[in-house]
1. With 155, 183, 147, 189 as the choices, which residue is within 30 Å of residue 67 (Cβ to Cβ) and touching a helix residue (DSSP H, G or I) at 6+ places or on another chain (Cβ under 8 Å)?
2. Quick check: is even one residue across the range 268-275 crowded, with 21+ Cβ neighbours inside 10 Å and over 30 Å from residue 216 (Cβ atoms)?
3. Which of the residues that make up the range 324-352 are closer than 16 Å to residue 300 by Cα and within 16 Å of ligand 2 (Cβ to nearest atom)?
4. Report, by residue number, each residue of the range 269-284 that is part of a loop (DSSP other than H, G, I, E, B) and touching a helix residue (DSSP H, G or I) at 6+ places or on another chain (Cβ under 6 Å).
5. Checking residue 255 against (1) in contact with a helix residue (DSSP H, G or I) (Cβ under 9 Å, 6 or more places away or on another chain); (2) more than 23 Å from residue 59 (Cα to Cα), only one condition comes out false. Which one?
6. Residues that are within 14 Å of ligand 2 (Cβ to nearest atom) and modelled with pLDDT of 95 or more: list the strands (runs of 3 or more DSSP E) wholly contained in the range 122-241 that include at least 1 such residues.
7. Please note which strands (runs of 3 or more DSSP E) are completely contained in the range 285-381 and include at least 2 residues that are surrounded by 17 or more Cβ atoms within 10 Å (Cβ to Cβ).
8. Of the residues that sit in the range 165-180 and are farther than 21 Å from residue 144 by Cα and touching a helix residue (DSSP H, G or I) at 6+ places or on another chain (Cβ under 7 Å), which one is surrounded by the most Cβ atoms within 10 Å (Cβ to Cβ)?
Ligand code: OSB
Ligand code: MG
């Protein structure tokens, strides 16, 4: 199937969060998301049919989680990525499987590239009447649901929040930590809730000089510690891994399949958090899944507070067999009172794998109207 991209619409939305979300790099009260609406025409089979695909970019407003940020993503899309797509489709049409190659000469910007590829893949799958799960060859009909718990003001508040998520049925708890707010809250959760699947995420807040404090977390029998050190510190993660009993999982550091392969080869991580939006797209995410599976490294699917669009696509990806650890795939209501799409629901500790055509449900026009704060149309020349 070949598409022609007639126009890309860049939508910015602001969704209020049900409660503030605090990590080692900051507190969010709302989710600002950049969504891409690809208006395409099918060129070969069913030629002339117009199909719309949607992509969700995981970049945040500020470059604190990664170097990318929403205004920068918009700039690189408008000035560099979309012009390359428009130029190349004149020669040989456009497919989701080849757009990565078209964009490869532009260095970096995996979040921007991921969103563009996602919108085209959604259009292509809708045109073909194929669900993302079927495209991937996913056979399971649901995936277990984990929840990421932000840093709380006090240990009693943390215990109340975690207790509530466990009552709702979440299968695994991830606690955000930062220096000084690590051993005590993690120990308190372990003590209060016993043998639950528990892991922590530092979002790069430590240095190798903190190894002694991190070693104290070994007492809590955690599934893993996620991204203790900075994005670029692969070698230092390898040094730290030799000093900890708790397995190291990398998030921020893994921006491509090549980086994942390097991390495993160096011993910087034994587990990878695959976030499609961070690694350059769902197709690169599958390549990372495949290489980790072949190397015997466990993976799980991370999240970036996605709306129902990205959340449904993540749940389908997490149905691949190498995703042996529970992902950050919670119901929409973990973050949003009202989602842009019909909500993704968690039932009995699981989220269903969607089987309708495309990657996820499209935003509802009324919700886009309500939460949209601006849009820009970029037409094919
Ligand atoms: O490090 O996994 C992270 C959210 C925003 C930025 C970074 C991270 C997160 C989360 C939330 O932990 C996971 C989710 O979407 O459920
Ligand atoms: Mg993380």
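1. Working: 155 fails: within 30 Å of residue 67 (Cβ to Cβ); 183 fails: within 30 Å of residue 67 (Cβ to Cβ); 189 fails: within 30 Å of residue 67 (Cβ to Cβ).
Sole residue among the options that is within 30 Å of residue 67 (Cβ to Cβ) and touching a helix residue (DSSP H, G or I) at 6+ places or on another chain (Cβ under 8 Å): 147.
2. No, the range 268-275 has no match at all.
3. 325, 326, 327, 328, 329, 330
4. Scanning the range 269-284 gives 269, 276, 277, 279, 280, 281.
5. (2)
6. 146-149, 172-176, 198-201
7. 298-301, 350-352
8. Step by step, filter the range 165-180, then rank; the result is 177.
The values are calculated or read from the model by the stated rules, or taken from the named source; none is laboratory data. This one's a predicted model, so the numbers in the text were calculated from it and none came from an experiment. Cβ atoms come from the backbone with ideal geometry, glycine included; neighbour counts cover every protein chain shown.
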